[in-house]
Amino acid sequence: MKAAVFYGPHQPLRIETVPDPVPGPDEILVQVAACGLCHTDLHYIDHDVPTAHKPPLILGHEASGTVTAVGERVKGFAVGAPVLVPAVFSCGECRQCRRGRENICEHMVMPGNHVNGAYAELMTAPAKDVLHLPQEIPLVDACIIADAVSTPYNAVKNRGRVQPGDTVAVFGCGGVGLNVVQIAAASGAKVIAVDISDEKLENARRFGAEVALKGGEGNQVSKEIKRLTGGGVDIAFEAIGYPPTIVQAFDSLARGGRLVQVGYCQHPVELNVSRLMFFEMEVLGSLGCSPLDYVPLIDLVARGRLKLSELISHRVPLERINEGLDHLRNGQGIRNIVVMD
Ligand code: APR
């Protein structure tokens, strides 16, 4: 099969012919229809974040496709079925999996990180993790549900616990933050979007933000949010991973408010703990999405309650994957995907 292979940081992915993967007894062989290009890939390619499996490795963790073969013990999938492959496979046995928190599984396996991923014509995945896709959702576009939509869904529903009538601020309206905006708005919240890019703020308005504010350094934006809301928002999501905006997000909260950290940040951040204690505030992390939540999420997309195709700005064939990664590097568009022939 054809695949885009990662040989190490600071070099383009190489398009090569590699052996077809063979599904194990509990696995499915998926003919990949499309795979989303994600910032996580740029962490490996540009920023020296090591992959769990040493390269060469096929990256890609946001895939949709069609079942082409099933292992001998697989019962629930027929050849030809449209499926979504989630960004993380859980072990099902550790303490966190047993508590229904598979997204923080102690032995999680991520395609395109621990094992070969979806920048390829074929991939294997454990049947227990793969999800059926309904006909209403275009198969190619569905790929981005696996991370760009599901990660914000978990952040809004489980970590932010957003309720109708809540006021919400979303810092960063890139691929992830924009979906926080649309899911929080669909949950009945009043959403204030913050970004430094006018284009991203315009996107945020189209996806349900009632207010769009230009961000920047300093505490101006937090003050403006407090002024607009009469004291601060109930929930702030940070979807950038930048220490100053993490502080801004925390500082824009009302008493009893909740900061949900969605953006990845490896630096320490100083937050005012006296406010945290005195106003009973919460600071929570949010990672990925649990398998349980994929079913209602797919249903919301199928019923047209969440926009999907409108999120996809660039579609490139596998041969031009490095061009697609450049779009991502330059912050162009909302979500870029690789579409297989
Ligand atoms: N203030 C406000 N917005 C900012 C600022 C700032 N100081 N700096 C950057 N932004 C905006 C950018 O303009 C962009 O719209 O943050 C957005 C970041 O979006 P993307 O680069 O598209 O990143 P995305 O894929 O959405 O991921 C965001 O979530 O899962 C994590 O690893 C991921 O840390 C990353 C974060």
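What follows draws every value from the coordinates through simple rules; no lab data is involved. Note that the structure is predicted; figures quoted are calculated from it, not measured. Don't worry about glycine lacking a Cβ; one is built from the backbone with ideal geometry, like all the others, and counts go over all protein chains shown.
Considering V191, V181, V170, the condition of being within 14 Å of F237 (Cα to Cα), buried (at least 20 other Cβ atoms within 10 Å of the Cβ), among the β-branched types (V, I, T) and touching a residue at least 40 places away in the same chain (Cβ under 8 Å) is satisfied by V170 alone.
Considering each of Y264, Y294, Y242 in turn, give the residue that is in contact with a strand residue (DSSP E or B) (Cβ under 9 Å, 6 or more places away or on another chain) and over 18 Å from E217 (Cβ atoms). Only one candidate passes the filter, namely Y294.
Yes/no matrix, rows are residues, columns are (1) buried (at least 16 other Cβ atoms within 10 Å of the Cβ); (2) touching a residue at least 12 places away in the same chain (Cβ under 8 Å); (3) closer than 21 Å to S313 by Cβ:
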residue: E202; (1), (2), (3): no, no, yes
residue: A209; (1), (2), (3): yes, yes, yes
residue: V221; (1), (2), (3): yes, yes, no
residue: E224; (1), (2), (3): yes, no, no
residue: R227; (1), (2), (3): no, no, no
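Within the group G188, G165, G172, G100, which residue is farther than 28 Å from A3 by Cβ and within 13 Å of the ligand (Cβ to nearest atom)?
Of the residues listed, the single one that is farther than 28 Å from A3 by Cβ and within 13 Å of the ligand (Cβ to nearest atom) is G172.
Of the residues examined, P164 is one that is assigned to a loop (DSSP other than H, G, I, E, B) and either touching a residue at least 40 places away in the same chain (Cβ under 8 Å) or of a type outside the set (F, W, Y) (or both). Selection of first residues in segment 270-284 that are closer than 13 Å to G232 by Cβ and of second residues that are in a loop (DSSP other than H, G, I, E, B), restricted to Cβ pairs under 7 Å at least 6 apart or on distinct chains, gives the following pairs, ordered by first then second residue: R275/M281. The number of residues in segment 230-287 being away from the ligand (no atom under 11 Å from the Cβ), of a type outside the set (A, V, I, L, M, F, W, C), surrounded by 15 or more Cβ atoms within 10 Å (Cβ to Cβ) and under 26 Å from L201 (Cβ atoms) comes to 6. D141 falls short of the stated requirement of being charged (D, E, K, R), within 13 Å of the ligand (Cβ to nearest atom) and either within 15 Å of the chain's Cα centre (by Cα) or surrounded by 24 or more Cβ atoms within 10 Å (Cβ to Cβ) (or both).
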